[in-house]
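Working notes, structure below.
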Amino acid sequence: MDTEAIHREAAGAGLRELEGLPAGLLDCEAHELAGVLGGPSLIHLPGRVEPPVFAAVLMHGNETTGWAAARAVLRQYEQAQLPRALSLFVANVAAAAEGLRLLPGQPDFNRLWRGGEGPEHAMAEAVTRRMAERGVFASIDIHNNSGRNPHYACINRLDHRFLRLATLFGRTVVYFTRPDSVQSNAFAELAPAVTVECGQPGQAHGVEHAARFLDAVLHLSSLPDTPVAAHDYDLYHTVATVNVRDDVAFGFETGDLVLRGDLDRLNFVELPAGTGFGQVRTPAEGPEALLDTRNEQGEEVGERYFRIDGGELRTRLRLMPSMLTRDPTIIRQDCLCYLMERLPPLA
């Protein structure tokens, strides 16, 4: 593999674009990348076949599995050519240096990819534009969860090529359309695109799973449009996003809303109506006083999914949550959870 990096400026976007790996990059842990790269970097690596796979890592600085997996794959090819070209986007290295999802004052790097203003939005636009010029075979965005979740893949289009890419990672697939400013949604205009969720950071099996998936995609010759066998996957649809309202104090021991201590054990569990999420310790006429629950059209739908009963916040109907976490900072920065329903196999 060519390790001589050639830098190219992406005017006004704060993006470093390189042809080849900088010397010593694969020796760096995630928190050391800022010292070598200096900022968000798009690294193009040649392979036997074009167009390239696009892979994004460290969209959130504390989600390190993607970088660890990319390192593992690239080390396999230090003395050989990649089976397919790879364009690796190493995103929020500044936050990674601090072990944080994002730095104070920074926008979420995975909410930049549909319009907006500011240097980070310009960076995302520059990455998209550059990859549209080069062509993309498939797009992979590698993430971690802060709570206990199974490994799963997300798609933004109900398309057999997208589903085939997702099921190469695993049988659990989530389809969502909001938030629409995520990287995978923007790159869905260019090629089949997935986001893969690889469990919590620091878990060896998450790194191994992501590395096997990336290497497998690099070996693909095509992504056919033929249906994936119905028995090979479970498909879910995200129908609502749940946030704790900004003016509501919450926690796991104190607050207006005291969430249950084992909250993240509810992820990907089909919960019966009446399941408790936490205690309500302030007068509240309904769940909308505590939670902001929005469907895909942006409508407030909290009364459909939740109720307050005997001082408890409870589910009103059978539902399945994902992305629940016990980290209050992540709940504020991202959301409390997503609500899902099962979908039939694609026809």
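Quick look at the numbers
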quantity: Residue within segment 188-197 that is assigned to a helix (DSSP H, G or I) and not basic (Lys, Arg) present; calculated: no
quantity: Every residue from segment 253-304 that is in contact with a helix residue (DSSP H, G or I) (Cβ under 8 Å, 6 or more places away or on another chain) and either assigned to a helix (DSSP H, G or I) or at pLDDT 95 or above (or both); calculated: THR275, PHE277, GLY278, PRO287, GLU288, LEU291, ASP292, THR293, GLU300, GLY302, GLU303
quantity: Condition met for LEU324 (in contact with a helix residue (DSSP H, G or I) (Cβ under 8 Å, 6 or more places away or on another chain) and either within 30 Å of PRO227 (Cα to Cα) or surrounded by fewer than 17 Cβ atoms within 10 Å (Cβ to Cβ) (or both)); calculated: no
quantity: Residues of segment 124-154 classified as in contact with a Pro (Cβ under 8 Å, 6 or more places away or on another chain) and part of a strand (DSSP E or B), total; calculated: 2
quantity: Test result for ARG111, assigned by TED's automatic domain parsing to the domain that holds LEU223 and more than 20 Å from the chain's Cα centre (by Cα); calculated: no
quantity: Meets criteria (assigned by TED's automatic domain parsing to the domain that holds GLN203 and touching a His at 6+ places or on another chain (Cβ under 9 Å)) for ALA85; calculated: yes
quantity: Members of segment 306-347 found to be assigned to a strand (DSSP E or B), within 16 Å of ARG294 (Cα to Cα) and more than 23 Å from the chain's Cα centre (by Cα), listed by number; calculated: PHE306, ARG307, THR315
quantity: Subset tally (residues that are without any contact (Cβ under 8 Å) to a residue 60 or more places away in the chain and within 17 Å of VAL174 (Cα to Cα)) for segment 133-158; calculated: 6
quantity: Qualifying residue in segment 36-49 (condition: in contact (Cβ under 8 Å) with a residue 12 or more places away in the chain, part of a helix (DSSP H, G or I) and in contact with a helix residue (DSSP H, G or I) (Cβ under 9 Å, 6 or more places away or on another chain)); calculated: yes
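The values are calculated or read from the model by the stated rules, or taken from the named source; none is laboratory data. What you are looking at is a predicted structure, and each value in this text was computed from that prediction instead of being measured. Methodologically, a virtual Cβ is constructed for each residue, glycine included, from the backbone with ideal geometry; neighbour enumeration extends over all protein chains shown.
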